[in-house]
Amino acid sequence: MHLAYPAVLAALLFCTGLYGVLARRNAILVLMSVELMLNAVNLNLVAFDVWLRDRLHSGQALTLFTIAIAAAEIGIGLAIVLAVYRNRGSSAVDRLRDTAETDEAETVPAGDDEDDDPADAATRPEDQATAPAGKAKKAEATP
Amino acid sequence: MTPALAAASAAPGFLSPTGVEIAFVLVGIATLGAALVTVTTRQLVHAALWLIVALGGLAVEYLLLTAEFIAWVQVLIYVGSVVVLLLFGLMLTRAPIGRSPDADSENRLPALVVAVASAAALVWVVVDAFRTTWIDLDGPAQGSTKATGSFLFRNWVLPFEALSVLLLAALVGAIVLSRKGGRADARAGGAPAAAPDREDER
């Protein structure tokens with residue numbers, strides 16, 4: 001088999017995941033795209049290991065380690081996403097702007113609030129209550 | 001005749017594919033299509049289900065590359081647990097069933113430009129580099145369970161054990177992050193809409 005086939009497939013899968021990471025808004029969809037990118041790397045590792053006929057089989061061993069690390073990563077990532085959802089009532093990555101450099105970058109665009117579901121609206125006062133706290137914290141952090 | 005030309009003529013060409021190559025390309029097209037649907041669909045649960053197709057297709061690709069053990073690990077861990085975890089996450093964050101209008105953020109166009117540019121660059125470089133490289137798939141399978149156990153526990157024992165410690169750390173971290181009560185809960189004041197979810201989580 002030509003090595004170009006798995007290499008090209010891995011490159012295309014990686015770029016698909018890259019598009020997903022950049023374009024998606026929901027944090028869980030971003031995690032799915034990260035999984036696609038990791039899998040593209042795994043395919044590269046396996047293909048090059050089979051091609052090189054390495055005695056240590058480094059590629060396949062690293063693939064197994066990558067799979068295990070990806071499982072750990074998805075567990076931690078989902079725990080973080082759920083914690084953010086509990087505190088903010090949203091899992092949209094472009095609304096988490098508390099650590100923005102400037103105040104106008106921190107404000108969420110007005111168009112985002114229109115398509116919120118009721119569960120989101122129920123936690124809205126709490127969301128605004130934490131926003132000044134974050135701002136004060138940032139103010140005292142910057143000299 | 002230069003050595004490069006000799007190597008090119010010695011290797012089988014792109015126009016005479018073997019059966020394994022045809023199967024690889026067909027499964028690869030299905031995998032890539034499923035991945036594209038995963039990153040573009042507006043239905044969040046469908047994205048997770050298409051991710052199963054993409055990851056299963058990759059498992060078939062591993063089988064075609066004679067890495068059987070990794071193929072089954074892929075099926076067990078990715079299709080079996082990671083996608084299920086993602087579906088749990090989608091349900092616990094109350095992802096809307098059906099089409100959601102805001103699945104994509106407003107920077108879709110820059111993302112598309114970056115992805116297409118990097119895809120073009122990577123594919124060009126990779127094809128240019130490995131045009132005349134041939135994988136020899138004959139002989140004993142290099143990724144059979146016997147071979148995998150042999151190299152994993154003969155040469156890679158220490159990283160393997162370190163990995164188990166990492167998995168333990170990830171387990172403890174996930175429990176701490178999603179624990180009920182504690183300081184983080186008092187600060188949040190208990191979001192009423194999301195409160196019932198926490199019993200289901202652990």
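Details
- For the residues A:A23, A:A27, the requirement of being at pLDDT below 95 and more than 7 Å from every other protein chain (Cβ to nearest Cβ) singles out A:A27.
- Region B:17-36, subset of a type in the set (V, I, T) and surrounded by fewer than 18 Cβ atoms within 10 Å (Cβ to Cβ), residue nearest to B:V84 (Cα to Cα): B:I29
Yes/no per residue for (1) in a helix (DSSP H, G or I); (2) at pLDDT 50 or above; (3) among the acidic types (D, E); (4) closer than 30 Å to B:W156 by Cα:
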site: A:A68; (1), (2), (3), (4): yes, yes, no, yes
site: A:I80; (1), (2), (3), (4): yes, yes, no, no
site: A:N87; (1), (2), (3), (4): yes, yes, no, no
site: A:E104; (1), (2), (3), (4): yes, yes, yes, no
site: A:V108; (1), (2), (3), (4): no, yes, no, no
site: A:A129; (1), (2), (3), (4): yes, no, no, no
site: A:A139; (1), (2), (3), (4): yes, no, no, no
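- Scanning region A:1-20 for residues that are among the hydrophobic types (A, V, I, L, M, F, W, C) and either in a loop (DSSP other than H, G, I, E, B) or at pLDDT below 90 (or both) gives A:M1, A:L3.
- Matching residues, region A:89-102, being of a type outside the set (A, V, I, L, M, F, W, C) and either assigned to a helix (DSSP H, G or I) or more than 7 Å from every other protein chain (Cβ to nearest Cβ) (or both): A:S90, A:D94, A:R95, A:R97, A:D98, A:T99, A:E101, A:T102
- Check on B:A95, farther than 15 Å from B:V39 by Cα and of a type in the set (A, V, I, L, M): yes
- Of the residues making up region B:111-138, not one is at the interface with chain A (Cβ under 8 Å from one of its Cβ atoms), in a helix (DSSP H, G or I) and either acidic (D, E) or in contact (Cβ under 8 Å) with a residue 12 or more places away in the chain (or both).
- Qualifying residue in region A:36-53 (condition: at the interface with another protein chain (Cβ under 7 Å from one of its Cβ atoms) and under 20 Å from the mean Cα position of the chain (by Cα)): yes
- Within region B:37-52, being over 14 Å from B:L86 (Cβ atoms) and at the interface with chain A (Cβ under 9 Å from one of its Cβ atoms) holds for one residue alone: B:T40.
Yes or no, residue by residue, for (1) modelled with pLDDT under 95; (2) more than 30 Å from B:A95 (Cβ to Cβ); (3) polar (S, T, N, Q); (4) touching a His at 6+ places or on another chain (Cβ under 6 Å):
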| site | (1), (2), (3), (4) |
| --- | --- |
| B:P3 | yes, yes, no, no |
| B:P12 | yes, yes, no, no |
| B:L15 | yes, yes, no, no |
| B:T18 | yes, yes, yes, no |
| B:E21 | yes, yes, no, no |
| B:I29 | no, no, no, no |
| B:G33 | no, no, no, no |
| B:T41 | yes, no, yes, no |
| B:L44 | yes, no, no, no |
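- In region B:144-202, the residues that are outside any helix (DSSP H, G or I) and either farther than 21 Å from B:F88 by Cβ or modelled with pLDDT of 55 or more (or both): B:S144, B:W156, B:S178, B:R179, B:K180, B:G181, B:G182, B:G189, B:G190, B:P192
- Options A:V34, A:V46, A:V50: the member that is in a helix (DSSP H, G or I) and over 19 Å from A:A70 (Cα atoms): A:V50
- Residue check for A:L62: more than 7 Å from chain B (Cβ to nearest Cβ), crowded, with 16+ Cβ neighbours inside 10 Å and part of a helix (DSSP H, G or I): yes
- Residue count for region A:46-57, restricted to those that are among the hydrophobic types (A, V, I, L, M, F, W, C) and surrounded by fewer than 23 Cβ atoms within 10 Å (Cβ to Cβ): 4
The values are calculated or read from the model by the stated rules, or taken from the named source; none is laboratory data. Just so it is clear, the structure is predicted and the values come from calculations on it, not from any experiment. Every residue, glycine among them, receives a Cβ derived from its backbone with ideal geometry; neighbour counts consider all protein chains shown.
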